[in-house]
1. For residue 108 and residue 156, FRET efficiency with R0 = 35 Å and r from the beta-carbon atoms, rounded to 0.05?
2. Taking 7 Å along the Cα-to-C-beta vector as the label spot, tell me the residue 59-residue 18 distance in nanometres, rounded to one decimal.
3. Convex hull over the Cα atoms of segment 144-187, averaged projected area in nm²?
4. Going by how many other Cβ atoms sit within 10 Å of their own, how do 50, 231 line up, fewest first?
5. Once Rh is set to the Kirkwood radius over Cα pairs, what Stokes-Einstein translational diffusion coefficient, in µm²/s, holds for segment 1-108 at a temperature of 4 °C and a viscosity of 1.567 mPa s?
6. Which angle from 0 to 90°, rounded to the nearest 10, does the C-alpha axis of helix 86-95 make with the longest principal axis of the chain?
7. Ranked by Cβ crowding within 10 angstrom, fewest neighbours first, how are 9, 20 ordered?
8. Determine the sum of side-chain charges near residue 153: Lys and Arg each +1, Asp and Glu each -1, restricted to other residues whose C-beta is under 15 angstrom from that of residue 153.
Amino acid sequence: MNKPLILVVEDDTAVRNLIVTTLETHDYRFQAAPTGETAIMEAASHNPDVILLDLGLPDMDGIDIIKKIRTWSKKPIIVISARSEDTDKIEALDAGADDYLTKPFSVEELLARLRVTFRRLNDSREEQVQNSVFQDGDLKIDYAGGCAFMKDKELHLTPIEYKLLCLLSKNVGKVLTHTYITKAIWGSAWDNDVASLRVFMATLRKKIEPNPSEPMYIQTHIGVGYRMLKV
Ligand code: CA
């Protein structure tokens, strides 16, 4: 397979150099863009496998770049930003970003996020081939049969719990915001939907997690949402 191509959108030269050097030494190809305008141009002309995106750029806000790119591309976008408020993360994830890394970040963490992103891409490719069964550790979901198993024992899930589990599994490795999940499950995103979501998440965890107080399958991102992990 060709080396993956990563578009690095960052106006800070020092940070950009750090990222591209890291990518280079880890066998990724890269392209760098210091502004929003060049980022959109590069994304459109080279169709990179992953986009690493700073939000504070001189000519445009990163959120608008995500929205623009999402009109034609589904390629993973990982935000790397100094904005650390939950509302910033939620805004970026809702706009279509796949993951969020807060500055200052460690190079190891960036590489780990990239590995997760590529694993997820490969999994969804494989899933399209096999497409009806999802396996993650001891958890198995038979999408076609509409049932789920833990250690080969069928789980007794309510329809909402099952929907929730499928939604998370189809986005394994990706943080889904409360709003995204409630819209997908209930078609709305009111405050009481988010409260219901917490309740269903707790009952779902009791059924799938070996130790619900230390979940291994579904990670909580406090104030943001949930992510299913590849175990
Ligand atoms: Ca910046």
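Where a number appears in this text, it was derived from the coordinates with a stated rule and is not lab data. Here the structure is a predicted model, which means the values were calculated and not measured. FYI the Cβ positions are ideal-geometry reconstructions off the backbone, even for glycines, and counts take in every protein chain you see.
1. Numbers: r = 40 Å, r/R0 = 1.16.
Efficiency, rounded to the nearest 0.05: 0.30.
2. 2.5 nm
3. On the way: hull surface 14.7 nm².
Over every viewing direction, the Cα hull of segment 144-187 projects on average to 3.7 nm².
4. Values: 50 24, 231 10.
Starting with the residue having the fewest Cβ neighbours, the order is 231, 50.
5. Values: Rh = 13.7 Å.
This corresponds to a translational diffusion coefficient of 95 µm²/s.
6. It works out to around 90 degrees.
7. On the way: 9 28, 20 18.
By the 10 Å Cβ count, ascending: 20, 9.
8. Values: positive: 140, 151, 206, 207; negative: 138, 142, 152, 154, 209.
Spelling it out: positives minus negatives among the neighbours equals -1.
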